[in-house]
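One structure is given here, and the rest of the page talks about it.
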Amino acid sequence: MDSAEYERKTAARFASFDQDGNGYIDREDFSAAAAAILAEFNTTARCDKGQALYSGAEAFWQGMAGIADVDGDQRVSRDEFVTGAVKRLRDNPKRFAEIARPFMHSAIEIAAGSDGDGPGVTLAAATRLLRVLGADPEVAEQVAAALDVDGDGIITEDETMTAFATYYTVDGPDAR
Ligand code: CA
Ligand code: CA
């Protein structure tokens, strides 16, 4: 990946996290992401899954702040995101999985519940989840489809986690 492409993808990922578009990633963006997921899958914030999603969002934010909020002002600027989050998550994708897992686990449960209690998430639900988290629709489809190796339209929770980690660590496909 050349540096222009890297820069462009990083900007797109920053925009995905910065849900309200104010130029910083902060706690409100993570609550907004949780709210967007609940709305997309018609789930109330008051149920157990809704509560778990909000706790997961808080933990995700704390983890992100721990990695990237270098000046400690409780918000992650674009510079902090590029120099802190992206580089460190690329060096250590497992760390990303750790900080994102509670949030993603709840999000995946909510998405899976929206179309039955199968062993995984349908390709369609995983795509919707990526899209509501700010991925370009075409990218969301590519990232999810790449994981459905046997083509049965179902991906497991682990595979869905991998899709998100790939997307957020900037190695995933990008349509633009
Ligand atoms: Ca923001
Ligand atoms: Ca900061």
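At-a-glance table
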| read-out | value |
| --- | --- |
| Qualifying residues in region 55-104 (those that are among the β-branched types (Val, Ile, Thr) and over 17 Å from residue 165 (Cα atoms)) - the one modelled with the highest pLDDT | 76 |
| Residues of region 64-81 that turn out to be crowded, with 19+ Cβ neighbours inside 10 Å and more than 10 Å from ligand 2 (Cβ to nearest atom), as a count | 2 |
| Test: residue 93 is without any contact (Cβ under 8 Å) to a residue 60 or more places away in the chain and more than 23 Å from residue 22 (Cβ to Cβ) | no |
| Filter result (away from ligand 2 (no atom under 16 Å from the Cβ) and open to solvent by less than 20 Å² (accessible area, probe 1.4 Å)) within region 30-42 | 33, 34, 37, 38, 41 |
| Unmet requirement for residue 114, which otherwise passes all of (1) within 24 Å of residue 42 (Cβ to Cβ); (2) at pLDDT 75 or above | (2) |
| Residue count, region 26-60 (criterion: within 16 Å of ligand 1 (Cβ to nearest atom), charged (D, E, K, R) and either closer than 17 Å to residue 83 by Cα or in contact with a helix residue (DSSP H, G or I) (Cβ under 8 Å, 6 or more places away or on another chain) (or both)) | 4 |
| Subset of region 1-29 that is touching a residue at least 60 places away in the same chain (Cβ under 8 Å) and within 16 Å of ligand 2 (Cβ to nearest atom) - its residue that is nearest to the chain's Cα centre (by Cα) | 17 |
| Region 49-73 residues that are charged (D, E, K, R), paired with ones that are away from ligand 1 (no atom under 15 Å from the Cβ) (beta carbon under 8 Å, 6 or more apart) | 49/43; 49/106; 49/109; 49/110; 49/113; 69/84 |
| The one condition in (1) within 16 Å of ligand 1 (Cβ to nearest atom); (2) open to solvent by 60 Å² or more (accessible area, probe 1.4 Å); (3) at pLDDT 95 or above that residue 23 fails to fulfil | (2) |
| Residue within region 43-53 that is modelled with pLDDT of 95 or more, open to solvent by 20 Å² or more (accessible area, probe 1.4 Å) and among the small types (Gly, Ala, Ser) present | yes |
| Test result for residue 97, under 23 Å from residue 136 (Cβ atoms) and either of a type in the set (Lys, Arg) or touching a Leu at 6+ places or on another chain (Cβ under 8 Å) (or both) | no |
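The values are calculated or read from the model by the stated rules, or taken from the named source; none is laboratory data. Since we're looking at a predicted model, the values are computed, not measured. Neighbour counts are summed over all protein chains in view; Cβ atoms, including those assigned to glycine, are modelled from backbone coordinates with ideal geometry. For the accessible areas, the whole protein counts, side chains as well, though only heavy atoms, and no ligand, DNA or RNA atoms are used. Shrake-Rupley method; radii C 1.70, N 1.55, O 1.52, S 1.80 Å.
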